[in-house]
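Values quoted throughout were computed directly from the atomic coordinates according to the rules given, and no laboratory measurement underlies them. Everything numeric here is computed off the predicted structure, so don't read it as measured data. Cβ sites come from the backbone with ideal geometry, for glycine too, and all protein chains shown count toward neighbours.
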Amino acid sequence: MSFLNSTRVVRVTPDAEMVQEELEGFLNDSQTLLSGNVKANLILQVTPESVRLIAPPQHIQAGLISEWKPPTGQVISVAAMNGTQCLVAVGGKTLVYLDVGSEVVREVG
């Protein structure tokens, strides 16, 4: 769940209860614009400050494994993704294409 200044990761138990989880590498003190699963069972989190590739706890290298940040003084305002790609709008006028399919967030072009 994303709020203006924070994000919470929750899971639903078999008893239909929502339980807050701490996910190593997931930025909790910022709004999440987009989050989802990508190739290799990794998690992508997009905040106004960065695009983060996170390995879940069951992964050999759990936690933050790669991160991309926009130029200094600019923020990400909107994002879209699929299993290997992410597109972000930076500074309200620039689109940045990111490859996230090789366990690294890499700007293309």
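If you take all other residues with their beta carbon under 15 Å from the beta carbon of residue 102, and give Lys and Arg +1 and Asp and Glu -1, the sum is -2. In the stretch 9-108, a dipole from Cβ-located charges (positive for Lys and Arg, negative for Asp and Glu) runs towards its positive end, and of 26, 65, 13 it is 65 whose Cα lies farthest in that direction.
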